[in-house]
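For reference, the structure discussed in these notes is given below.
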Amino acid sequence: MSERFLIEGPENAEFTILLAHGAGAPMDSASMTAAANALSTKGFRVARFEFGYMASRRISGDRKPPPRAETLNPEYRDAIAELGAKGPLIIGGKSMGGRVASMIADDLYAEGKIAGLLCLGYPFHPPGKPEQLRTQHLKGLRTPALICQGTRDEFGTREEVAGYELSGRIEIMWLEDGDHDLKPRKKISGFSAADHLATMAETVHVWAGALKP
(Lines give C-alpha, C1' and ligand atoms only; values in the text may rest on other atoms or scores of the structure.)
Protein backbone atom coordinates (compact mmCIF):
# COMPACT_ATOMS: atom_id res chain seq x y z
CA MET A 1 0.00 0.00 0.00
CA SER A 2 1.22 3.48 -0.83
CA GLU A 3 0.03 6.73 0.65
CA ARG A 4 -1.63 7.63 -2.63
CA PHE A 5 -3.24 4.30 -3.52
CA LEU A 6 -4.67 1.22 -1.89
CA ILE A 7 -3.65 -1.63 -4.17
CA GLU A 8 -4.52 -5.31 -4.10
CA GLY A 9 -4.45 -8.19 -6.52
CA PRO A 10 -1.59 -9.65 -8.56
CA GLU A 11 1.02 -7.32 -10.02
CA ASN A 12 1.00 -9.31 -13.25
CA ALA A 13 -2.78 -9.06 -13.66
CA GLU A 14 -4.01 -8.67 -17.22
CA PHE A 15 -6.29 -5.77 -16.23
CA THR A 16 -5.89 -3.01 -13.67
CA ILE A 17 -9.03 -1.36 -12.28
CA LEU A 18 -8.74 2.14 -10.82
CA LEU A 19 -11.60 3.07 -8.50
CA ALA A 20 -12.56 6.40 -6.95
CA HIS A 21 -14.83 6.69 -3.91
CA GLY A 22 -18.31 8.14 -3.53
CA ALA A 23 -19.15 11.65 -2.37
CA GLY A 24 -19.37 10.94 1.35
CA ALA A 25 -17.21 7.93 2.17
CA PRO A 26 -13.44 7.40 1.77
CA MET A 27 -11.56 4.89 -0.36
CA ASP A 28 -11.26 2.48 2.59
CA SER A 29 -14.97 2.44 3.42
CA ALA A 30 -16.51 -0.97 4.04
CA SER A 31 -18.31 -1.04 0.69
CA MET A 32 -15.25 0.04 -1.30
CA THR A 33 -13.05 -2.49 0.49
CA ALA A 34 -15.53 -5.31 -0.06
CA ALA A 35 -15.86 -4.49 -3.76
CA ALA A 36 -12.09 -4.26 -4.23
CA ASN A 37 -11.59 -7.58 -2.45
CA ALA A 38 -14.19 -9.28 -4.63
CA LEU A 39 -12.60 -7.97 -7.82
CA SER A 40 -9.07 -8.90 -6.76
CA THR A 41 -10.15 -12.51 -6.17
CA LYS A 42 -11.03 -12.62 -9.87
CA GLY A 43 -7.46 -11.77 -10.80
CA PHE A 44 -7.77 -8.02 -11.25
CA ARG A 45 -5.20 -5.59 -9.87
CA VAL A 46 -7.41 -3.08 -8.07
CA ALA A 47 -6.20 0.39 -7.10
CA ARG A 48 -8.22 2.85 -5.02
CA PHE A 49 -7.48 6.53 -4.55
CA GLU A 50 -9.00 9.58 -2.87
CA PHE A 51 -9.82 13.00 -4.21
CA GLY A 52 -8.14 15.86 -2.38
CA TYR A 53 -11.21 16.99 -0.47
CA MET A 54 -11.67 13.53 1.04
CA ALA A 55 -7.98 13.13 1.90
CA SER A 56 -8.05 16.49 3.69
CA ARG A 57 -10.98 15.34 5.82
CA ARG A 58 -8.72 12.75 7.41
CA ILE A 59 -6.52 15.54 8.70
CA SER A 60 -9.02 18.31 9.46
CA GLY A 61 -12.14 16.34 10.25
CA ASP A 62 -14.02 18.96 8.25
CA ARG A 63 -17.25 17.60 6.78
CA LYS A 64 -17.87 20.27 4.17
CA PRO A 65 -19.92 19.09 1.18
CA PRO A 66 -17.90 17.63 -1.70
CA PRO A 67 -17.15 19.84 -4.70
CA ARG A 68 -19.14 19.55 -7.90
CA ALA A 69 -18.29 16.27 -9.60
CA GLU A 70 -17.02 17.81 -12.84
CA THR A 71 -14.41 19.86 -10.94
CA LEU A 72 -12.77 16.58 -9.94
CA ASN A 73 -12.06 15.50 -13.53
CA PRO A 74 -8.44 16.79 -13.48
CA GLU A 75 -7.75 14.96 -10.21
CA TYR A 76 -8.91 11.69 -11.74
CA ARG A 77 -6.66 12.24 -14.76
CA ASP A 78 -3.74 12.93 -12.41
CA ALA A 79 -4.39 9.68 -10.54
CA ILE A 80 -4.32 7.72 -13.80
CA ALA A 81 -0.99 9.27 -14.73
CA GLU A 82 0.48 8.67 -11.29
CA LEU A 83 -0.68 5.05 -11.15
CA GLY A 84 1.07 4.29 -14.44
CA ALA A 85 -0.74 1.02 -14.98
CA LYS A 86 0.96 -1.55 -17.15
CA GLY A 87 -1.42 -3.15 -19.59
CA PRO A 88 -5.14 -2.47 -20.06
CA LEU A 89 -6.73 -0.08 -17.56
CA ILE A 90 -10.38 0.10 -16.55
CA ILE A 91 -11.42 3.26 -14.72
CA GLY A 92 -14.47 3.82 -12.56
CA GLY A 93 -15.61 3.97 -9.00
CA LYS A 94 -18.44 3.96 -6.56
CA SER A 95 -21.28 6.43 -7.09
CA MET A 96 -19.72 9.89 -7.64
CA GLY A 97 -16.33 8.30 -8.33
CA GLY A 98 -17.81 6.38 -11.23
CA ARG A 99 -19.61 9.48 -12.44
CA VAL A 100 -16.36 11.46 -12.55
CA ALA A 101 -14.68 8.62 -14.43
CA SER A 102 -17.57 8.54 -16.91
CA MET A 103 -17.06 12.22 -17.72
CA ILE A 104 -13.43 11.76 -18.75
CA ALA A 105 -13.71 8.26 -20.22
CA ASP A 106 -14.31 9.04 -23.89
CA ASP A 107 -11.27 11.26 -24.30
CA LEU A 108 -9.06 8.67 -22.60
CA TYR A 109 -10.58 5.82 -24.59
CA ALA A 110 -10.00 7.67 -27.85
CA GLU A 111 -6.37 8.18 -26.80
CA GLY A 112 -5.98 4.46 -26.11
CA LYS A 113 -5.31 5.06 -22.41
CA ILE A 114 -8.22 3.02 -21.02
CA ALA A 115 -10.03 -0.13 -22.05
CA GLY A 116 -13.35 0.47 -20.31
CA LEU A 117 -15.46 2.08 -17.60
CA LEU A 118 -16.85 0.39 -14.48
CA CYS A 119 -19.45 2.09 -12.28
CA LEU A 120 -20.58 0.58 -8.99
CA GLY A 121 -23.92 2.18 -8.16
CA TYR A 122 -24.15 5.01 -10.68
CA PRO A 123 -25.88 8.13 -9.27
CA PHE A 124 -28.38 8.65 -12.08
CA HIS A 125 -30.11 11.33 -9.99
CA PRO A 126 -29.99 12.66 -6.42
CA PRO A 127 -32.16 10.67 -3.99
CA GLY A 128 -35.74 11.90 -4.08
CA LYS A 129 -35.07 14.06 -7.15
CA PRO A 130 -35.65 11.82 -10.16
CA GLU A 131 -36.08 14.83 -12.43
CA GLN A 132 -32.46 15.93 -11.90
CA LEU A 133 -30.87 13.43 -14.25
CA ARG A 134 -27.10 13.03 -14.57
CA THR A 135 -27.27 11.15 -17.85
CA GLN A 136 -26.72 13.72 -20.60
CA HIS A 137 -23.14 12.64 -21.29
CA LEU A 138 -24.10 8.97 -21.15
CA LYS A 139 -26.34 9.24 -24.20
CA GLY A 140 -23.41 9.33 -26.61
CA LEU A 141 -20.78 7.48 -24.54
CA ARG A 142 -18.33 5.63 -26.80
CA THR A 143 -16.35 3.84 -24.10
CA PRO A 144 -17.38 0.25 -23.30
CA ALA A 145 -19.05 0.57 -19.91
CA LEU A 146 -20.51 -1.70 -17.25
CA ILE A 147 -22.78 -0.31 -14.55
CA CYS A 148 -23.51 -2.57 -11.58
CA GLN A 149 -26.70 -1.34 -9.94
CA GLY A 150 -29.05 -2.52 -7.21
CA THR A 151 -32.68 -2.72 -8.28
CA ARG A 152 -33.78 -0.52 -5.35
CA ASP A 153 -30.90 1.99 -5.53
CA GLU A 154 -32.34 5.37 -4.48
CA PHE A 155 -30.04 7.02 -7.02
CA GLY A 156 -31.71 5.09 -9.86
CA THR A 157 -33.98 2.05 -9.63
CA ARG A 158 -34.44 -0.52 -12.37
CA GLU A 159 -37.85 0.93 -13.22
CA GLU A 160 -36.47 4.46 -13.52
CA VAL A 161 -33.38 3.57 -15.53
CA ALA A 162 -35.45 1.57 -18.02
CA GLY A 163 -36.82 4.87 -19.31
CA TYR A 164 -33.47 6.63 -19.79
CA GLU A 165 -31.76 7.23 -23.11
CA LEU A 166 -28.35 5.62 -22.72
CA SER A 167 -25.56 4.71 -25.12
CA GLY A 168 -25.57 1.21 -26.54
CA ARG A 169 -22.00 0.88 -25.23
CA ILE A 170 -23.38 0.75 -21.69
CA GLU A 171 -24.28 -2.59 -20.14
CA ILE A 172 -26.19 -2.63 -16.87
CA MET A 173 -26.05 -5.56 -14.48
CA TRP A 174 -28.94 -5.50 -12.02
CA LEU A 175 -28.55 -6.99 -8.56
CA GLU A 176 -31.90 -8.00 -7.11
CA ASP A 177 -33.01 -5.85 -4.16
CA GLY A 178 -29.57 -4.22 -3.96
CA ASP A 179 -29.24 -0.73 -2.49
CA HIS A 180 -26.68 1.94 -3.41
CA ASP A 181 -23.95 -0.26 -1.88
CA LEU A 182 -25.34 -3.22 -3.86
CA LYS A 183 -26.53 -4.79 -0.58
CA PRO A 184 -29.80 -6.77 -0.62
CA ARG A 185 -32.19 -7.46 2.22
CA LYS A 186 -31.51 -11.18 2.62
CA LYS A 187 -34.93 -12.07 4.03
CA ILE A 188 -36.61 -10.43 1.03
CA SER A 189 -34.25 -11.28 -1.80
CA GLY A 190 -32.74 -14.55 -0.62
CA PHE A 191 -29.28 -13.15 -1.43
CA SER A 192 -26.52 -11.91 0.85
CA ALA A 193 -24.19 -8.97 0.27
CA ALA A 194 -21.40 -11.49 -0.35
CA ASP A 195 -23.54 -13.21 -3.00
CA HIS A 196 -24.05 -9.94 -4.86
CA LEU A 197 -20.38 -8.96 -4.67
CA ALA A 198 -19.38 -12.35 -6.05
CA THR A 199 -21.89 -11.93 -8.89
CA MET A 200 -20.60 -8.43 -9.57
CA ALA A 201 -16.99 -9.59 -9.70
CA GLU A 202 -17.76 -12.52 -12.00
CA THR A 203 -19.76 -10.26 -14.31
CA VAL A 204 -16.87 -7.78 -14.46
CA HIS A 205 -14.49 -10.66 -15.20
CA VAL A 206 -16.58 -11.84 -18.16
CA TRP A 207 -17.17 -8.29 -19.41
CA ALA A 208 -13.48 -7.40 -19.23
CA GLY A 209 -12.61 -10.53 -21.16
CA ALA A 210 -14.62 -9.17 -24.08
CA LEU A 211 -12.60 -5.93 -24.01
CA LYS A 212 -9.46 -7.72 -25.17
CA PRO A 213 -8.27 -6.51 -28.58
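The values are calculated or read from the model by the stated rules, or taken from the named source; none is laboratory data. Keep in mind it's a predicted model, so treat the numbers as computed, not measured. Counting neighbours? That spans all protein chains shown, and the Cβs are built from the backbone with ideal geometry, glycine included.
Odds and ends about this structure:
- For LYS113, the requirement of being over 15 Å from the mean Cα position of the chain (by Cα) and either modelled with pLDDT under 95 or more than 27 Å from SER40 (Cβ to Cβ) (or both) is not met.
- Residue that is surrounded by the most Cβ atoms within 10 Å (Cβ to Cβ) [pool: residues in the stretch 39-63 that are polar (S, T, N, Q) and without any contact (Cβ under 8 Å) to a residue 60 or more places away in the chain]: SER40
- The stretch 1-43 - residue that is among the charged types (D, E, K, R) and in a loop (DSSP other than H, G, I, E, B) and, of those, nearest to the chain's Cα centre (by Cα): ASP28
- Residue selected from the stretch 71-110 under the condition under 17 Å from LEU39 (Cα atoms) and hydrophobic (A, V, I, L, M, F, W, C), by the criterion surrounded by the fewest Cβ atoms within 10 Å (Cβ to Cβ): ALA85
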